[in-house]
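What follows is a short report on a single structure.
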Amino acid sequence: MELISNAPTGPIEKSWEAHKFGLKLVNPANKRKHTIIMVGTGLAGGSAAAGLGELGYNVDCFCFQDSPRRAHSIAAQGGINAAKNYHNDGDSVYRLFYDTVKGGDFRSREANVYRLAQVSVNIIDQCVAQGVPFAREYGGLLDNRSFGGAQVSRTFYARGQTGQQLLLGAYQALERQVGLGSVKMHPRTEMLDLIVIDGRARGIVTRSLNDGKVSVHFGDAVVLATGGYGNVFYLSTNAKGSNATAIWRAYKRGALFANPCFTQIHPTCIPVSGDYQSKLTLMSESLRNDGRIWVPKQAGDRRKPASIPEDERDFYLERRYPSFGNLVPRDIASRAAKAVCDEGRGVGETGLGVYLDFSDALKRLGTHKIAERYGNLFEMYERITGEDPYKVPMRIFPAIHYTMGGLWVDYNLMSTIPGLFVLGEANFSDHGANRLGASALMQGLADGYFVIPYTLGNYLANTKHEKYSEDTPAVQEAVESVNAITRKLLNASGKRTVDSYHRELGKILWEYCGMSRNAPGLKKAASMIAGLREDYWRNVRVLGSNEEFNQSLEKAGRVADFFELGELMCMDALQRNESCGGHFREEYQTPDGEALRNDANYSYVAAWEFQGVGRPAALNKEPLVFNYVKPSQRSYK
Amino acid sequence: MKLTLHVWRQKNEQDRGRLVRYEVPGVNEHMSFLEMLDVLNEGLIEKGEDPIAFDHDCREGICGMCGFMINGMAHGGFKGTTVCQLHMRHFKDGDELYLEPWRAAAFPVVKDLVVNRSSFDRIIAAGGFISVPTGSPPDGNAIPIRKQDADLAMDAAACIGCGACVAACPNAAAALFVSAKISHLAHLPQGQAERDRRALAMVRQMNREGFANCTNIGECEAACPKQIKLEVIAQANADYIKAAFTERPEAVSGGVG
Amino acid sequence: MSAAANFPVARLRFWDTTVGKKAVMAVTGFILFGFIVGHLLGNLQIYEPPEKINHYSEMLRSMPSLLWGTRIILLVSVLLHIWASFALWRLQRAARPVAYVKKANLHSTYASRTMMWSGPIILAFVIYHLLNFTFGTVHPGGPFDEHNVYNNVVTGFQFWPSSVFYIIAMIMLCYHLHHGLWSMFQSLGFTHPAYTPWIQRSAKVVAILIAIGFISIPVAVLAGFIKPV
Ligand SMILES: Cc1cc2nc3c(=O)[nH]c(=O)nc-3n(C[C@H](O)[C@H](O)[C@H](O)COP(=O)(O)OP(=O)(O)OC[C@H]3O[C@@H](n4cnc5c(N)ncnc54)[C@H](O)[C@@H]3O)c2cc1C
Ligand code: HEM
Ligand code: HEM
Ligand code: SF4
Ligand code: F3S
Ligand code: FES
């Protein structure tokens, strides 16, 4: 299949403006004749639903939580980037664009990234107007902090709850539209299949999580903003409910899946404490502004951190990357942590951890300032570990955090299925092989507030929209396939719980397709997963019925998709014979252990086409051209 | 350690529901409360018994999805802690714990410990917002905001909509939740234009949803995992009273041509 | 045209909401409180020669307009206060149809949780009290002479069960005011981290002083400090 990115050519500064002008509009009177299906109410979906509702479309909006306000975006802590250059430290749209392309290790589409940097500026204004209480200075102006992978201070934040405040802003805008009747909200409703008629996305099949009722929703376009698939690893910083089901079922209906192996490991998470562990908790990257990361120089040094003298501590990031120090991008920080732990210098009972030490900052700035910046993070840490970071250094370890991969979309955020749009973390668009901190919130809101309203209108204006009835064969078939999966899971009547399978899948992926990967391991993992998947359908135990509130059944369906996704991730990691961003292939590294990219052969987006379960997916390539930021060996030294 | 749980089991909204006793051996002090329930549920499933339903998502104390009563205390009654952030080190071997769902007419039980909190969404939909269409509003720095006001707004905005305040309130009042939103937006210059309408609309919707009045008992503040202060209730009362006395009929003369 | 269009309807809508009713309770509660204070000061004249309080009461009666003015304000206040409290109480009952098997209180005062006990008991007291001292219809202590308030009170209290009931009622009043006197600020929207804790403390002190003041009278009578003339 040929992948047409529709990315504008010509001077990049003007390209979005020019492109927008080229897009057709839907006249106000006609807007209310269109129904749009919006799956997801996170920053991307929530903002999009609100915006489209304001424009006058009828929006049918879905989320699996009991309220749209609980979308996983709520958990984002650190902040959101914008090229405001309020602090006159040399920031600019171009620099944000440059940092993001470089941070993504030159595996993203320049035009998309530039647009993202451009609209980042409007996002802050929009959110302030909505009443998002960003941190302010005494002068009453907005405050900033700096984040990994950047040398300027461009990150806006609301205490340690930036994602929460941004989401509540979008949620309130959304609820306003619900009140006005332009958006109909369907909480506790899960999308289980995509309806494609005559090659166009025409609706979805959903299951009510309250009573299991399966229903069909038609729309002139379907928008997926269903978040990332990090939970394929079982242990991740994602919310327990985060899943790949929506995008995966769309993939099985013909949407291409791009760069599934590009997953991000976050360097600052609270280490695992036992096998009952259900999720991992992130400590915002912003902590790296004031915390210094170190391990003992001596392997197996079991002394208390306090009793290890300064000169026996190895501040390995500051040592290896003098210019960025503790603020190197996530992939680098994570691998460095793994390296020191592999050398047996890790700390904590498990030896899988490094210190994040605030003693210097506390001396320099005083407890009050630190509490003001990170108070709630410190509390969270103490609540979970029982240790007080004001007294003893935090123990941190990398964990799966974000997935750069996702459904392939063109410049208009439309997938390879006409009428199916994908926003936010669910698409692959802007972050290449690695996402910089504070840029996912930016992307979610950019897609939702400032891109989809234009590009969706263009699609609607250019398309005829017939009405279909529920007994259209394609609709019947979709409904039946949903019911079939449910029946199959309920009738499996095996021994093992869904979670036990999920945990095992996660272990395999973390081991072989996690922080570092190699060909034999990936092959092994793929076959292990395939085996586990087959066993699953025979031996899983899901109690209860479909016609009730049944959390095991919800999980079972999601895990079923994770198996297939896991296999694809391994395939993708295997075909990419290079190391870039979050994807580190041990075979391809520089003598000093840095990622070794191969631009000659792998400067493309790998977009996979479904060929049937258990059958290898077909690889399509979107070549990447860099006219502005010339690919270079990424160096933060 | 070993615990004895008495858990409220209720198949659905219509079912009457009852407490059921469970023994949970081998509880590890580093587990979170929900992880302890996970372990119990795994065991139940293996025995072929219906696992206990409870809401949860982020397990980081921020999404507001989790929450139930532990021995009559919302989220377990530990300062500033949601039940997903509550760790077993706070309990000791042999403890007997009673787990019950939030109880309020406006929070019908969905199953076991899961309730329906849509009433909160409808209250926000009634007026818990600033009407600003997506577009190009003034620059974020166009209107300076006193740091103190930004901070007070943030304090109130920290509410996660969990419903513990309602659950803990002897009157099943939603005063803290509703007032937190009124107070958040009232502290910002952007929130002034709709300040009166917001207070009136939200309070009226709150009553339509069947939440009772606040009598300033203060259990909500003690139960709130985000430590929203009682202060916000007074602030919201002031806004409502002022708005109600100065309310005028909506202008009805439509613009012409 | 919105319901707010004509004046009374708009204001009735104010009363319709829980917050509105609470504000009414606060205002009426405050008026009642004001009366209590005045009444206490008046009553304390019992410790002076009998003529004092008798003249005081004569003096009040000699100004019917003032007397009835106050009486009407009081009556209206009590009625509104009670009406509101019962209306809200019904809401509270409906708001939690299924009670908790276990419910703990983390922080709140006993007084705040028992306003709907202390209140009605005060009401019952007031009714008895009016029959007892104002109309004299129920005056077990001995003959009632509306021109000798002093004797009415003393003989009234010499009947000890009556005194006991008074004392209990005064304790209830103490509780009611302990919470009510700060709660009314909150209900009317006044709050500040610097003053509110102070208001709460004073509410407690004032409530206790008032109760002591009132209680001292039946106690003094029973102890024989004050004798009939
Ligand atoms: C702990 C943590 C901290 C983070 N911190 C930052 C940060 O500081 N800065 C930053 O820029 N980024 C951060 N991120 C990343 C960022 O939060 C996410 O990438 C972003 O919020 C994703 O938003 P979204 O709208 O795409 O998806 P989500 O917010 O995940 O929303 C997904 C929505 O889809 C719905 N949904 C999913 N599947 C279905 C289905 N099958 N049917 C119906 N509905 C469905 C869900 O109900 C939900 O409403 C963080 C992420 C984590 C995990
Ligand atoms: C039948 C009689 C009464 C009942 C049922 C009653 C009940 C109540 C209730 C439920 C409250 C609300 C408490 C709160 O919201 O914080 C209240 C408040 C109050 N009551 Fe009463 N009460 C009664 C009589 C009185 C009397 C006789 C007085 C005067 C001494 C009084 C003084 C107050 C005051 C000052 C408040 C505080 C106002 C407020 O908080 O809104 N009450 N009462
Ligand atoms: C020991 C305590 C008290 C004593 C000795 C006392 C005494 C009296 C007396 C002698 C009268 C009649 C006055 C007259 O007719 O000239 C009276 C009236 C009254 N008292 Fe009390 N009283 C006491 C406590 C209270 C309390 C606590 C309340 C209210 C909660 C109260 C409310 C009233 C009212 C409403 C009247 C009627 C006033 C009127 O005539 O308009 N009293 N009291
Ligand atoms: S106010 Fe506190 S308790 Fe109430 S919903 Fe908000 S966070 Fe939960
Ligand atoms: S406990 Fe209830 S009475 Fe008011 S102060 Fe809190 S809502
Ligand atoms: S699960 Fe999100 S707050 Fe507890």
note = In region C:40-87, residues that are hydrophobic (A, V, I, L, M, F, W, C), over 25 Å from C:Met170 (Cβ atoms) and in a helix (DSSP H, G or I) total 5
request  = Mind telling me which of the residues C:Pro143, C:Pro218, C:Pro120 ends up being more than 30 Å from B:Ile228 (Cα to Cα) and at pLDDT below 95?
outcome  = C:Pro143
remark   = Within region B:209-225, residues more than 14 Å from ligand 5 (Cβ to nearest atom) and at the interface with another protein chain (Cβ under 10 Å from one of its Cβ atoms) come out as B:Glu209, B:Gly210
inquiry  = Take the residues in region A:160-208 that are touching a strand residue (DSSP E or B) at 6+ places or on another chain (Cβ under 6 Å) and of a type in the set (Gly, Ala, Ser); name whichever of them is nearest to A:Gly78 (Cα to Cα).
reply    = A:Ser208
key: Filtered residue count, region A:122-145, keeping only those that are of a type in the set (D, E, K, R), more than 7 Å from chain B (Cβ to nearest Cβ) and outside any strand (DSSP E or B)   = 1
message = Among the residues of region B:103-130, what is the count of those that are within 20 Å of B:Asp38 (Cα to Cα) and more than 8 Å from every other protein chain (Cβ to nearest Cβ)?
response = 3
key: Residues being in contact with a helix residue (DSSP H, G or I) (Cβ under 9 Å, 6 or more places away or on another chain) and free of Cβ contacts under 8 Å to residues at least 40 places away in the same chain - total across region A:183-214   = 1
ask   = In the list A:Leu441, A:Leu356, A:Leu365, A:Leu436, which residue meets the criterion of being in a loop (DSSP other than H, G, I, E, B), among the hydrophobic types (A, V, I, L, M, F, W, C) and in contact (Cβ under 8 Å) with a residue 60 or more places away in the chain?
value = A:Leu436
request  = Within region A:323-353, count every residue that is at pLDDT 90 or above, surrounded by 21 or more Cβ atoms within 10 Å (Cβ to Cβ) and outside any helix (DSSP H, G or I).
outcome  = 3
query = How about region B:20-47: which of its residues are assigned to a loop (DSSP other than H, G, I, E, B) and more than 7 Å from chain A (Cβ to nearest Cβ)?
reply = B:Pro25, B:Gly26, B:Val27, B:Glu29, B:Lys47
key: Evaluation of B:Ala156 against (1) within 11 Å of ligand 4 (Cβ to nearest atom); (2) part of a loop (DSSP other than H, G, I, E, B); (3) over 12 Å from the mean Cα position of the chain (by Cα) (one fails), failing number   = (2)
key: Sole residue being crowded, with 19+ Cβ neighbours inside 10 Å, touching an Asp or Glu at 6+ places or on another chain (Cβ under 9 Å) and under 30 Å from B:Asn116 (Cα atoms), chosen from A:Glu578, A:Glu554, A:Glu547   = A:Glu554
query = Identify, please: which residue in region B:61-77 is more than 26 Å from A:Leu43 (Cβ to Cβ) and within 7 Å of another protein chain (Cβ to nearest Cβ) and is, among those, surrounded by the most Cβ atoms within 10 Å (Cβ to Cβ)?
reply = B:Met69
ask   = Does A:Ser15 satisfy being over 30 Å from B:Gly67 (Cα atoms) and in a helix (DSSP H, G or I)?
value = yes
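Residues are listed down the side, and each one gets a yes or a no for (1) hydroxyl-bearing (Ser, Thr, Tyr); (2) in contact with a Phe, Trp or Tyr (Cβ under 9 Å, 6 or more places away or on another chain):
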{"residue": "A:Gly10", "(1), (2)": "no, no"}
{"residue": "A:Lys14", "(1), (2)": "no, no"}
{"residue": "A:Phe21", "(1), (2)": "no, no"}
{"residue": "A:Met38", "(1), (2)": "no, yes"}
{"residue": "A:Ala50", "(1), (2)": "no, yes"}
{"residue": "A:Ala75", "(1), (2)": "no, no"}
{"residue": "A:Gly78", "(1), (2)": "no, yes"}
{"residue": "A:Lys84", "(1), (2)": "no, yes"}
{"residue": "A:Tyr98", "(1), (2)": "yes, yes"}
request  = Pull up region B:58-76, narrow it to residues that are within 14 Å of the chain's Cα centre (by Cα) and of a type outside the set (A, V, I, L, M, F, W, C), then point me to the one that is farthest from ligand 4 (Cβ to nearest atom).
outcome  = B:Gly61
ask   = of a type in the set (Gly, Ala, Ser), in a loop (DSSP other than H, G, I, E, B), within 21 Å of the chain's Cα centre (by Cα) and crowded, with 22+ Cβ neighbours inside 10 Å - does that describe any residue in region A:201-219?
value = no
message = One residue is enough: does region B:37-60 have a residue meeting the conditions buried (at least 16 other Cβ atoms within 10 Å of the Cβ), modelled with pLDDT under 95 and not hydroxyl-bearing (Ser, Thr, Tyr)?
response = yes
task = Pick out, from region C:115-191, the helices (runs of 4 or more DSSP H) lying fully within it that include 1 or more residues that are over 26 Å from C:Phe30 (Cβ atoms).
result = C:149-158, C:160-188
query = Quick one: is A:Val409 on the phi < 0 side of the Ramachandran plot and either surrounded by 24 or more Cβ atoms within 10 Å (Cβ to Cβ) or within 14 Å of chain B (Cβ to nearest Cβ) (or both)?
reply = yes
query = Does any residue of region A:379-394 turn out to be closer than 30 Å to A:Gly581 by Cβ, away from every other protein chain (no Cβ under 14 Å) and within 22 Å of the chain's Cα centre (by Cα)?
reply = no
Number of the condition not met by B:Arg197 [criteria: (1) surrounded by 24 or more Cβ atoms within 10 Å (Cβ to Cβ); (2) away from ligand 2 (no atom under 16 Å from the Cβ)] = (1)
ask   = Any idea which residue in region C:11-33 is farthest from the other protein chains (Cβ to nearest Cβ), counting only those that are among the aromatic types (Phe, Trp, Tyr) and free of Cβ contacts under 8 Å to residues at least 40 places away in the same chain?
value = C:Trp15
ask   = Does region C:98-121 hold any residues that are crowded, with 16+ Cβ neighbours inside 10 Å, more than 7 Å from every other protein chain (Cβ to nearest Cβ) and of a type in the set (Phe, Trp, Tyr), and which are they?
value = none
ask   = Which of the residues belonging to region A:586-631 are over 19 Å from A:Gly104 (Cβ atoms) and surrounded by 17 or more Cβ atoms within 10 Å (Cβ to Cβ)?
value = A:Trp608, A:Phe610, A:Ala617, A:Asn620
inquiry  = Against the definition (out of contact with any strand residue (DSSP E or B) (no Cβ under 8 Å at 6 or more places or on another chain), more than 22 Å from B:Ser118 (Cβ to Cβ), more than 16 Å from ligand 2 (Cβ to nearest atom) and within 8 Å of chain A (Cβ to nearest Cβ)), how does B:Asp139 come out, yes or no?
reply    = yes
note = The number of residues in region A:77-91 that are more than 16 Å from ligand 1 (Cβ to nearest atom) and either buried (at least 16 other Cβ atoms within 10 Å of the Cβ) or within 19 Å of A:Arg435 (Cα to Cα) (or both) is 3
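The values are calculated or read from the model by the stated rules, or taken from the named source; none is laboratory data. Note that the structure is predicted; figures quoted are calculated from it, not measured. Note that we place each Cβ from the backbone using ideal geometry, even for glycine, and neighbour counts take in every protein chain shown.
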